[in-house]
1. Could you figure out which of (1) among the β-branched types (Val, Ile, Thr); (2) assigned to a helix (DSSP H, G or I); (3) at pLDDT below 90; (4) more than 26 Å from Gly179 (Cα to Cα) isn't true of Thr23?
2. Quick one: would you say Leu95 is among the hydrophobic types (A, V, I, L, M, F, W, C), under 21 Å from Ala191 (Cα atoms) and without any contact (Cβ under 8 Å) to a residue 40 or more places away in the chain?
3. Please verify whether Thr152 is hydroxyl-bearing (Ser, Thr, Tyr), crowded, with 23+ Cβ neighbours inside 10 Å and either at pLDDT 95 or above or at negative phi (or both), treating the condition exactly as stated.
4. Consider Gly51 carefully, then state whether it is within 30 Å of Thr153 (Cα to Cα), at pLDDT below 85 and out of contact with any Leu (no Cβ under 7 Å at 6 or more places or on another chain).
5. Among the listed residues Ser39, Ser54, Ser74, identify the single one that is part of a helix (DSSP H, G or I) and over 21 Å from the mean Cα position of the chain (by Cα).
6. Filtering the stretch 91-118 down to residues that are surrounded by 15 or more Cβ atoms within 10 Å (Cβ to Cβ) and among the hydrophobic types (A, V, I, L, M, F, W, C), which residue is farthest from Phe45 (Cα to Cα)?
7. Taking the conditions exactly as written (closer than 21 Å to Gln42 by Cα and either modelled with pLDDT under 95 or part of a helix (DSSP H, G or I) (or both)), does Leu203 satisfy them or not?
8. Can you go through Ala76, Ala104 and tell me which one is in contact (Cβ under 8 Å) with a residue 24 or more places away in the chain and touching a Pro at 6+ places or on another chain (Cβ under 6 Å)?
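The values are calculated or read from the model by the stated rules, or taken from the named source; none is laboratory data. Bear in mind the structure is a predicted one, so any value in this text is a computation, not a measurement. Neighbour counts run over all protein chains shown; Cβ positions are idealised from the backbone, glycine included.
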Amino acid sequence: MFGRKLSRPLGWIGLGGRQLGRTLLIGTGYGLACWLTVSLLQRLFNLGNGGTVSVLREGGVGTSVSATVTLLASVALIAPVCEELYFRAGIFRPLRDGFSKGAAVGSTRVRVSTLLAFLLSGVAFVSVHGGGAADIFLLFVLAAFFTLAYLTTSSLTGAVAAHAVNNIISLYGALAVMGNLQWWVWVVPAAGGIIAIAVSVALGGVFDKADNDASIAATHGTSS
């Protein structure tokens, strides 16, 4: 049995090749839309967008291999996986399911429960990152896009893809401003994003299946 699982890993975790491609495409789309929206808001309201450059410079990016890899990998790999696992799969989903337990699919109660779960998980997301009023506003925008990616794809992988794409584009923009960096520095964010998505696919096999099973159980419960 274990051998059969290894021979068809995507099927085992509930993501066939076509479904995985769709999930990644949607997640990437949300990530691009997120980055564009945040960039536009920063320009329109003069919210400032030099924070990433400052963080990279203060973190020693470009000055040493260890500092560069550690910081870039943290933003492109660790943050997307850990934060989506915690905030979307760990906080948003249980709250949404708990608030809407027993409600009919598509009902007003489900919609209100989803909104309330987003607000509460968004507050948690913002509180971890901190910052001023402008930062809080932009963080809620980020949380909204990542949550939409999670809801649209019903997959942790979709949310991680959106998060990783947003972070990677932001990193490349900051690296371009810094300039005079060795070639390998530019490889780290993309490599981190690829690994993040691969990890999310594996983790999604556990969390997405649990989510789908819970949804099916809730549906049967309301129809009986």
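1. In the conditions (1) among the β-branched types (Val, Ile, Thr); (2) assigned to a helix (DSSP H, G or I); (3) at pLDDT below 90; (4) more than 26 Å from Gly179 (Cα to Cα), Thr23 misses (3) alone.
2. Numbers: among the hydrophobic types (A, V, I, L, M, F, W, C): yes; under 21 Å from Ala191 (Cα atoms): no; without any contact (Cβ under 8 Å) to a residue 40 or more places away in the chain: yes.
So Leu95 fails the test.
3. Criteria not met by Thr152.
4. Working: within 30 Å of Thr153 (Cα to Cα): no; at pLDDT below 85: yes; out of contact with any Leu (no Cβ under 7 Å at 6 or more places or on another chain): yes.
No, not satisfied.
5. Exactly one of Ser39, Ser54, Ser74 is part of a helix (DSSP H, G or I) and over 21 Å from the mean Cα position of the chain (by Cα), namely Ser54.
6. Taking the candidates together, the pick is Ala103.
7. Answer is no for this residue.
8. Numbers: Ala104 fails: touching a Pro at 6+ places or on another chain (Cβ under 6 Å).
Selected residue: Ala76, the only one of Ala76, Ala104 that is in contact (Cβ under 8 Å) with a residue 24 or more places away in the chain and touching a Pro at 6+ places or on another chain (Cβ under 6 Å).
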